[in-house]
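Trainee: Here it is, the structure, as C-alpha cells.
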Amino acid sequence: MKKIFCVLFILVGCLSFGSVKAQTAKQVLDKCAAVVSAREGVQADFSMTSAQYGDASGQIMVKGKKFMASTTVASMWFDGRTLWTYMTRNNEVNVTNPSETQLQVLNPYNFITMYKKDFKYTMTQSATAFTVHLTSTDAARKVKEMFITVDKKTYHPTEVKLLQNQKWTTFTISNLKTVRLSDDKFRFNSQDFPSAEVIDLR
C-alpha cells in the first residue's frame, strides 16, 4: 500500500515542437502551478489507474508545502516538517520527518515545481485543453516522462500521466477548487483515531 502512496504523492506531486512552442508550454505550466499554489489552499478529488500500483481514489488538500491525502485504505498528513501515515487495515500511524529527497516522491502536487528543472517539454492542444509532454533530462530522476493535461479556461490540471520504472500511472483530477484551509488540516489528530497505534520513526 505504501507503493500506492509513493506514486500518488508524485502527483500529490502537481502539462509542436521548437523553442517558441516549448516556451508556450512553460507558460501553461506556470499558470497551472499558480492555480494549484493558491495561498488559501486547494482541494480536489482524484482517481488513479496503474497496472503497477493498482487503482485508488480519494481526496487531496494542498497548501504551500503542506498536504493531506486520503483514500479508503490510507491517509497522510504533512505539516511542512512531520509526516503522519495512517493505514486503515492495521489501524497504525507511522510518524516521520521526511527529507527533501523523500518529499520529491511524497508531495501530491510535486509536478507544480518538478517541471521547472531537469525536464524539457513540448505541447499539443485540443479545443478545450493543453497537453504538455515532459521528458526528463536527468537520468537520476525517478519520473522519466509526464503528460499533464490542463483545462484551457481554468488552467486546472485534469489528468497527470507519469512513467516510473517503465510503467505508466494515470491520475484523473476533478472538482479542484480554492478553499480556505487551516493548518490543523495537515496534522494528524489522535482524537479522530483514539485506538490507533502510533509508531514514531523520527
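Trainee: For Lys144, state whether it is out of contact with any Gly (no Cβ under 6 Å at 6 or more places or on another chain) and either farther than 18 Å from Ser174 by Cα or in a strand (DSSP E or B) (or both).
Mentor: Taking the combined requirement at face value, the residue satisfies it.
Trainee: Another one. Limited to the stretch 113-159, what total is found for residues that are closer than 24 Å to Gly80 by Cβ and open to solvent by less than 20 Å² (accessible area, probe 1.4 Å)?
Mentor: 4
Trainee: Write out, first by first residue and then by second, each pair whose Cβ atoms fall under 8 Å of each other, whose residues are 6+ apart or on separate chains, and whose first residue, in the stretch 169-192, is more than 30 Å from Gln52 (Cα to Cα) while the second is of a type in the set (S, T, N, Q) and surrounded by 11 or more Cβ atoms within 10 Å (Cβ to Cβ).
Mentor: Between residues of the stretch 169-192 that are more than 30 Å from Gln52 (Cα to Cα) and residues that are of a type in the set (S, T, N, Q) and surrounded by 11 or more Cβ atoms within 10 Å (Cβ to Cβ), the close pairs are Val179/Gln43; Leu181/Gln43.
Trainee: Would you tally the residues in the stretch 127-141 being in a strand (DSSP E or B) and closer than 12 Å to Met114 by Cα? Talk me through it step by step, then tell me what you get.
Mentor: Of the stretch 127-141, the ones in a strand (DSSP E or B) are 129-136.
Checking which are closer than 12 Å to Met114 by Cα leaves us with 134-136.
Total satisfying the criteria: 3.
Trainee: While we're here: Restricting to the stretch 54-97, name every residue that is assigned to a loop (DSSP other than H, G, I, E, B) and open to solvent by less than 20 Å² (accessible area, probe 1.4 Å).
Mentor: Within the stretch 54-97, the subset assigned to a loop (DSSP other than H, G, I, E, B) is 54-55, 64-65, 72-73, 79-82, 88-91, 97.
Residue satisfying the conditions is Thr82 alone.
Trainee: While we're here: Restrict the check to the stretch 4-19 and report whether at least one residue is surrounded by fewer than 18 Cβ atoms within 10 Å (Cβ to Cβ), modelled with pLDDT of 75 or more and more than 27 Å from Asn97 (Cα to Cα). Working first, answer last.
Mentor: Taking the stretch 4-19 first, the residues surrounded by fewer than 18 Cβ atoms within 10 Å (Cβ to Cβ) are 6, 16-19.
Among the residues that remain, those that are also modelled with pLDDT of 75 or more are: none.
No.
Trainee: Moving on. Mind listing just one residue for me: the one in the stretch 147-158 that is in a loop (DSSP other than H, G, I, E, B) and of a type outside the set (Ser, Thr, Tyr) and, of those, nearest to Ser126 (Cα to Cα)? Outline the logic, then answer.
Mentor: Step one: filter the stretch 147-158 for residues in a loop (DSSP other than H, G, I, E, B), giving 152-156.
If we keep only those that are of a type outside the set (Ser, Thr, Tyr) too, we end up with 152-153, 156.
Numbers: Lys152: 9, Lys153: 12, His156: 15 Å.
Ranking the candidates gives Lys152 first.
Trainee: Exactly one of these conditions fails for Ser99: (1) modelled with pLDDT of 85 or more; (2) at negative phi. Give me its number.
Mentor: So the condition that Ser99 fails would be (1).
Trainee: Go through the stretch 160-187 and give me each residue that's closer than 17 Å to Ala38 by Cα and either of a type in the set (Lys, Arg) or buried (at least 18 other Cβ atoms within 10 Å of the Cβ) (or both).
Mentor: Let us first name the residues in the stretch 160-187 that are closer than 17 Å to Ala38 by Cα, namely 173-183, 185-186.
Ile173, Leu176, Lys177, Arg180, Leu181, Lys185, Phe186 - these are the residues of the stretch 160-187 that are closer than 17 Å to Ala38 by Cα and either of a type in the set (Lys, Arg) or buried (at least 18 other Cβ atoms within 10 Å of the Cβ) (or both).
The values are calculated or read from the model by the stated rules, or taken from the named source; none is laboratory data. Since we're looking at a predicted model, the values are computed, not measured. Reconstructed Cβ throughout: ideal geometry from the backbone, glycine too, with neighbour counts over all protein chains shown. Remember, those area values only see protein heavy atoms, side chains included, never the ligands or the DNA or RNA. Shrake-Rupley method; radii C 1.70, N 1.55, O 1.52, S 1.80 Å.
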